[in-house]
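The values are calculated or read from the model by the stated rules, or taken from the named source; none is laboratory data. None of the values given here were measured: they were computed from a predicted structure. Glycine also receives a Cβ, built like all others from the backbone with ideal geometry; neighbour counts cover every protein chain displayed. Please note that ligands, DNA and RNA were not included when accessible areas were found on the heavy atoms of the full protein model with its side chains. Shrake-Rupley method; radii C 1.70, N 1.55, O 1.52, S 1.80 Å.
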Amino acid sequence: MSMMQQTKARGRSSGLTRAFSSVGEFFAGTAEAFRKGDIWTRLSALVCGAGFMARGQIVKGILKTLVEALVIYLIPSFIVPNLSKFGTLGTVVAQKSFDPVTRKNVWNDYDNSFLILLFSVMSLVLIIVAVVLWMKNMRAAYQVQRTQERGKHVNSFRDDLDDLLGKRFHITLLSLPTLGVVLLIIIPLIVMILIAFTNYDHDHLPPNALFTWVGLKNFRNLFNMSPESSFGYSFAKVLSWTLVWAVMATFTCFILGILMAMFINNRNTMGKRFWRTCFMVTMAVPQFVSLLLVRNFFANQGIVNTLCKNIGLTDWLFNIGAIPTANYIPFLTNPAWARPMILLINIWVGIPYQMLIATGILMNIPADLTEAARIDGANAWQSFWHITMPYIMFVMGPSLVNSVVGNINNFNVIYLLSHDVYVTQNQLMANANASEVDLLITWLFGLTQDRQNYKMASVIGILVFVVCAIITLVAFNRMIKGDKEESFQ
Amino acid sequence: MTRAEHVNKPSRKKIVRLTIRHVVLALFAAFWLIPILWLVLNAFSVDKGPNLSHFFPQAFTLDHFRNILLPGGDSVNQFPRWFMNTLIVGCFNCLISSAFVLMVAYAMSCMRFKARKPMMNVAIILNLFPGFLSMIAVYFILKEFGLTNSLTGLVIVYSAGSGLGYLIAKGFFDTISKSLREAAWIEGANEFTVFWKIILPLAKPIIVYTVINAFLAPWMDFVMASLMLNSGVSAQKTVALGLFAMVDKVNRNNYFGEFCAGGVIVSIPISILFVIMQKFYVEGITGGSVKG
């Protein structure tokens with residue numbers, strides 16, 4: 001075991017060294033191109049296409065120079081004006097003044113903190129990309145020079161295009177998806193992470209007001225565990241419920257789904273298809289419809305409450321002190337009832353899916369395994385624990401980790417069941433716009449939508465990431481031994 | 001007792017156990033079906049709001065279906081518009097997302113290049129961030145371009161980052177034998193031909209899964225749509241948003257029947273697609289992972 005860990009640790013450190021050394025190589029390659037390159041290659045440092053045009057790659061050279069011209073044009077018009085305000089996020093407050101000439105109200109030339117932040121991040125990304133491309137370009141120019149010196153064939157533009165469908169096909173495949181991810185995931189994500197260090201909230205809403213950097217103040221606000229701090233108090237509560245929810249929701253659905261699948265697939269069950277269809281019908285209705293329906297089903301003045309009242313269940317529960325009023329059962333409005341109810345409803349929603357997948361896997365278990373176990377005298381329970389479960393875990397293990405993470409971010413179930421229905425009585429939580437049934441993710445959403453408290457929302461978002469990252473790292477380190485992706489090709 | 005007798009004359013104990021088994025199953029089935037039954041009953045009920053005193057409605061009518069399909073100038077109910085909006089977004093998302101997912105999956109599974117491992121690691125890290133954290137900033141970006149409260153904006157939101165969801169398709173591509181590709185290379189095919197003529201035709205289950213999944217995303221999604229379409233104008237909404245507004249505090253007592261009818265209507269096409277997709281999904285993951 002310790003051997004294995006050692007090898008693993010070595011493997012990891014060598015991976016890191018490899019990463020560093022390849023970055024180093026990249027710089028060294030650029031420097032070498034500069035040292036050993038001829039006049040045209042060196043000129044490529046200033047005019048990016050020079051080296052290529054000198055070797056007859058006219059179109060490629062022109063395209064590269066055009067890209068360079070665009071970047072140079074953006075420096076005074078976009079990069080400098082925004083980055084120069086990055087430190088303060090703007091100083092000129094928006095003001096309306098009356099213009100006596102046109103007899104209209106006009107706005108001054110004000111700063112919009114959000115746009116400054118966004119454009120600054122875009123500028124930084126642009127600078128990094130430009131530098132990397134420039135270095136790559138130097139190396140490529142040197143490569144072409146060498147190719148020509150050796151008297152080998154220099155690619156024509158046509159050859160380059162063919163390469164994009166051949167050995168450089170990955171560039172063709174990946175450029176659009178990567179552009180999408182960079183523009184609409186990575187840049188916004190960096191902006192949101194930076195907002196955690198600002199005071200962007202209801203009182204500092206652009207364009208009418210400015211916001212600015214506040215350092216770690218928001219994090220201190222969230223981790224402040226003193227009794228009067230509403231955010232610290234709510235955070236502890238919401239985080240613990242989020243974890244309980246994620247684990248419970250995943251494992252109840254997982255275990256019960258498998259048991260249900262086995263129960264239906266048992267050879268003593270008649271009409272397997274019929275029973276399976278009964279559960280599948282639930283899946284036919286989109287999740288948001290069934291959740292909104294169920295929340296009306298269990299409403300305080302809903303149909304279930306009427307029935308419970310009629311059969312005397314409500315009175316009985318009131319008499320034993322399980323509910324605060326004799327009028328209704330607070331299925332989704334009382335913390336002690338709402339949490340288990342939400343878990344139960346989640347089971348109702350989740351089991352059919354789980355059952356479907358489990359059925360598929362159960363059918364794939366090699367029959368000789370269970371048969372052999374039966375001959376060896378194993379009872380149903382033993383064969384379940386020692387054959388069925390390990391097999392299912394083998395297939396489903398990684399997706400189980402994903403579903404814990406998915407449940408931490410399970411917005412729909414909590415939001416659709418509790419929004420407008422569950423109102424917290426806890427004043428400290430209400431101050432922070434949280435409630436007992438909120439997950440981190442619904443709390444985050446509520447903060448942005450109801451309070452426009454973006455600074456705290458993004459702090460919470462960062463913490464959701466930290467929680468998910470820890471869970472994934474721990475689980476995958478334990479579960480996945482080596483990279484098996486190529487062993488079956 | 002010999003085995004033959006056992007089969008011919010089931011013991012009393014066995015009959016009891018069989019009965020118990022099926023009664024338990026029936027109870028579970030009822031537990032799962034009752035809310036769905038309530039949905040259908042309310043869709044056909046004469047009551048406008050949820051019926052609070054009776055499970056079965058007093059009388060049946062098709063009014064809710066007629067109202068929801070022919071709403072006229074109703075300010076809350078614009079179901080046909082919502083359906084069209086969602087259909088349009090679904091189709092475009094389907095085209096763009098599926099293309100992105102399959103392209104990334106092929107590059108990551110079948111090709112080897114320097115940036116491959118780093119890119120895959122970045123994708124894993126990005127997937128750990130809650131999806132709509134970045135969408136809050138995307139909202140402001142799209143607002144600058146006047147794309148919020150428009151279907152274009154919604155398509156961008158759903159499809160731009162879809163390349164990150166390549167893992168299941170990659171897992172499937174990983175199981176396709178390398179010798180097929182090698183044979184094609186010997187015949188002189190380039191990567192594009194291999195991708196288009198060899199891998200894609202073999203990857204039918206995962207293509208069907210990806211396509212249907214992308215098509216269904218806007219039908220199922222609530223949170224992105226509510227971020228991007230916040231004008232409150234009913235005609236701009238998607239099905240999920242519109243139906244949600246029908247059962248809020250204000251509208252519930254007048255529109256609950258329409259909500260149920262709408263729910264029943266969208267369930268029909270979605271469930272057909274879902275059944276197809278699930279079949280391929282199970283085939284895809286079990287086929288892929290049993291071997292891997």
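Key figures
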| quantity | calculated |
| --- | --- |
| Proximal lysines to B:LYS143, defined as alpha-carbon separation beneath 19 angstrom and excluding residues fewer than eight positions away on the same chain | B:LYS237 |
| Length-normalised contact order of region B:3-68 in % [C-alpha pairs under 8 Å, at least 6 apart] | 23 percent |
| Inter-chain Cβ neighbour average for residues B:115-128, partner chain, 10 Å | 4 |
| Helix runs (DSSP H) in chain A reaching 30 Å along axis by Cα, Kyte-Doolittle at least 0.0 | A:113-149, A:230-265, A:335-364, A:454-479 |
| Helix-derived mean residue ellipticity, 222 nm - over chain A, DSSP H n ≥ 4, -39500 (n - 2.57), to 500 | -21500 deg cm²/dmol |
| Interchain or long-range residues, amide H under 5 Å from B:SER45's placed H | B:THR61 |
| For region B:3-68: rounded, prolate or oblate by the Cα gyration tensor [a/c cutoff 1.5] | prolate |
| Under 5 Å, built H, 5+ apart or other chain: amide partners of A:THR198 | A:VAL214 |
| Residue order for B:TYR158, B:TYR106 - accessible surface, 1.4 angstrom probe, largest first | B:TYR158, B:TYR106 |
| Set of aspartates and glutamates with alpha-carbon distance to A:LYS237 below 13 Å, sequence-local pairs under 8 removed | A:GLU436, A:ASP438 |
| Solvent-accessible ranking of A:THR325, A:THR30, largest area first, probe 1.4 Å | A:THR325, A:THR30 |
| Bins of 10 Å from zero: percent of alpha-carbon pairs in chain A | 3, 12, 17, 19, 19, 15, 9, 4, 1, 0 |
| Exposure of A:HIS419 as accessible area (Å², to 10), given a probe of 1.4 Å and all protein chains | 50 Å² |
| Residues whose placed amide H lies under 5 Å from that of A:ASN112, excluding near-sequence neighbours | none |
| Charge dipole of region A:46-118 about the Cα centre (unit charges at C-beta), most positive-ward option of A:VAL71, A:GLY61, A:VAL101 | A:GLY61 |
| Local electrostatic count, B:VAL250, Cβ distance below 15 Å [Lys/Arg +1, Asp/Glu -1] | -1 |
| For chain B, alpha-carbon Rg over 2.2 N^0.38 Å | 1.32 |
| Surface accessible to a 1.4 Å probe, A:ARG451 within the full protein complex, Å² | 90 Å² |
| Intensity falloff of region A:164-247 expressed as log10 I(q)/I(0), Debye formula with alpha-carbon point scatterers, at q = 0.12, 0.25 Å⁻¹ | -0.64, -1.12 |
| Options B:PHE256, B:GLY171, B:PHE55, ranked by Cα towards positive dipole end of chain B, top entry (Cβ charges) | B:GLY171 |
| 5 Å binning of all Cα-Cα separations within region A:37-215, expressed as whole percents from 0 upward | 1, 7, 11, 13, 14, 11, 10, 8, 7, 6, 5, 3, 2, 0, 0 |
| 222 nm mean residue ellipticity, helices alone, for chain B (DSSP H n ≥ 4; -39,500 (n - 2.57); rounded to 500) | -23000 deg cm²/dmol |
| Exposure of A:SER84 as accessible area (Å², to 10), given a probe of 1.4 Å and all protein chains | 80 Å² |
| Under 24 Å from A:LYS167, Cα to Cα: lysines that are on another chain or at least 8 residues apart | A:LYS60, A:LYS64, A:LYS136, A:LYS152, B:LYS114, B:LYS117, B:LYS170, B:LYS178, B:LYS197 |
| Peptide ranges A:333-345, B:46-58, A:352-364 listed from the most packed, as the mean C-beta count within 10 angstrom indicates | A:352-364, A:333-345, B:46-58 |
| Relative contact order (%) - criterion: Cα under 8 Å, at least six apart; region: chain A | 15 percent |
| Total charge dipole magnitude, the protein assembly as shown, about the Cα centre, Cβ charges on Lys, Arg, Asp, Glu only, Debye to nearest 20 | 1760 debye |
| Computed magnitude of the charge dipole of chain B (debye, nearest 20; Cβ of K, R +1, Cβ of D, E -1) | 1240 debye |
| Cα centre as origin, Lys/Arg/Asp/Glu Cβ charges: region A:133-185 dipole, Debye | 200 debye |
| Dipole-positive endmost among B:ASN67, B:THR86, B:VAL101 within region B:14-136 (Cβ charges, Cα centre) | B:VAL101 |
| Heavy-atom accessible area order for A:TRP381, B:TRP32, largest first, 1.4 Å probe | A:TRP381, B:TRP32 |
